[in-house]
Amino acid sequence: MVAFAARPIPLAPERRNTVAARVYAELREAIVTTQLKPGQRVAEAELADSLGVSRTPVREAFVRLVEEGLIEVSPQTGTRISLVGLERIRQAVFVRASLEGGAVRRPAAEPGDADLRALRRNLADQEVAIAEGDVTEMHRRDMDFHAMLLASVGRPLAWNACLLVSADLARVGFLLGFDVTHLAQVLAEHRAIFAALEARDFAAAADQLEAHVANIEGDRIVLSERHPEYFDPRPGA
């Protein structure tokens with residue numbers, strides 16, 4: 001389906017100012033969970049006031065978010081939240097399916113008992129989040145499931161690359177709106193992936209995982225028909 005609890009695995013100590021890092025994380029989460037909508041204009045001063053910080057960390061966060069393609073600055077539109085790119089969605093699905101499927105299909109290690117127990121707990125937490133209607137918590141658990149899955153097969157750093165392309169995929173889900181039926185289907189797919197993994201049928205787990213990631217393309221089509229204003233119509237965007 002932001003990186004919430006499933007953060008990238010650090011390759012080097014964080015050297016950025018901690019206030020700027022916090023501001024970046026909060027703004028990124030607001031964009032990915034669509035509290036800040038695609039196309040919405042944003043201003044450094046207003047965000048600084050709302051976050052209780054000076055404009056400097058907001059400006060630093062903007063630089064990082066521009067690099068990620070989540071904010072754009074132009075003379076015509078000013079500073080605004082980037083529209084969702086159709087081509088970025090297609091490429092993100094390809095990257096996620098290829099990396100996650102490949103990692104599980106050719107594991108560097110087999111899941112241990114502790115890995116399986118953690119994944120079972122995660123699935124139970126997903127069920128609770130759905131029952132409580134907590135979409136944000138379900139999304140956190142969803143991301144954690146994928147991160148834990150790759151770690152269990154000895155490919156934890158593959159998740160870092162997946163996170164780099166996952167923002168627009170998450171935005172599609174939040175913009176479309178997660179109803180109980182949709183979330184229950186996500187959980188059912190996660191359980192099928194886990195069952196194959198637990199049985200050490202890595203090929204089947206990879207097939208299930210690739211199909212699961214590819215489902216976002218169908219969500220994108222539905223959303224683009226309902227809300228074309230959220231999408232960038234430019235070729236290659």
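The values are calculated or read from the model by the stated rules, or taken from the named source; none is laboratory data. Fair warning: this is a prediction, and the values are worked out from it, not measured in the lab. Note: ideal-geometry Cβ built from the backbone for every residue, glycine included; neighbour counts use all protein chains shown. Areas reflect the complete protein model, heavy atoms only, side chains present, ligands, DNA and RNA absent. Shrake-Rupley method; radii C 1.70, N 1.55, O 1.52, S 1.80 Å.
Odds and ends about this structure:
- Qualifying residue in the stretch 108-117 (condition: among the acidic types (Asp, Glu) and outside any helix (DSSP H, G or I)): yes
- Flag for Val128 being more than 16 Å from the chain's Cα centre (by Cα), open to solvent by 30 Å² or more (accessible area, probe 1.4 Å) and closer than 29 Å to Gln35 by Cα: yes
- Every residue from the stretch 170-190 that is open to solvent by 40 Å² or more (accessible area, probe 1.4 Å) and among the acidic types (Asp, Glu): Asp179
- Test set (1) part of a helix (DSSP H, G or I); (2) within 25 Å of Pro38 (Cβ to Cβ) - Leu209 fails condition number: (2)
- Filter pass, Glu229 being at pLDDT 80 or above, open to solvent by 50 Å² or more (accessible area, probe 1.4 Å) and more than 30 Å from Arg41 (Cβ to Cβ): no
- Flag for Ala167 being farther than 21 Å from Ala97 by Cβ and either open to solvent by less than 10 Å² (accessible area, probe 1.4 Å) or under 16 Å from the mean Cα position of the chain (by Cα) (or both): no
- Criterion (in a helix (DSSP H, G or I), open to solvent by 20 Å² or more (accessible area, probe 1.4 Å) and modelled with pLDDT of 95 or more) met by exactly one of Ala151, Ala161, Ala214: Ala151
- Whichever residue in the stretch 66-109 is among the basic types (Lys, Arg) and within 14 Å of the chain's Cα centre (by Cα) and, among such residues, is most open to solvent (accessible area, probe 1.4 Å): Arg88
- Yes/no for Arg59 being in contact with an Asp or Glu (Cβ under 9 Å, 6 or more places away or on another chain), open to solvent by 70 Å² or more (accessible area, probe 1.4 Å) and not in a strand (DSSP E or B): yes
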